[in-house]
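Below: the structure, in structure tokens.
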Amino acid sequence: MTSYRAYIVGPHSRPIGVVNVDCTDDDQAITSASRLVDGHDVELWLMDRPVARFDAGSKQIFRK
């Protein structure tokens, strides 16, 4: 399994929390991280590579 990090994004695009997500690939990690969107945007990263951003307001997923 690969360790992804899902950053909960607060005001001014600053991270206010982080959740480790262990998944086998990007698609599985995106599915898992999408469940974390609850009033705040979420950014999903694999080490130094951005994978996706979830916009809480529009419920859209932007793959990097």
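The values are calculated or read from the model by the stated rules, or taken from the named source; none is laboratory data. All values derive from a computational prediction rather than experimental measurement. Virtual Cβ from ideal backbone geometry, glycine too; neighbours counted across all protein chains shown.
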In segment 1-38, what residues are of a type in the set (Val, Ile, Thr) and touching an Asp or Glu at 6+ places or on another chain (Cβ under 9 Å)? Thr2, Ile8, Val9, Val37
Hey, could you check segment 15-26 for residues that are of a type outside the set (Asp, Glu) and crowded, with 16+ Cβ neighbours inside 10 Å and say which is nearest to Thr2 (Cα to Cα)? Cys23
If you go through segment 27-34 one residue at a time, do you hit one that is buried (at least 17 other Cβ atoms within 10 Å of the Cβ), outside any strand (DSSP E or B) and β-branched (Val, Ile, Thr)? yes
Quick one: in segment 36-64, which of the residues that are of a type in the set (Lys, Arg) and at pLDDT 95 or above is surrounded by the fewest Cβ atoms within 10 Å (Cβ to Cβ)? Arg49
Say whether the condition of being assigned to a strand (DSSP E or B), modelled with pLDDT of 95 or more and touching a Cys at 6+ places or on another chain (Cβ under 8 Å) is met by at least one residue in segment 9-21. no
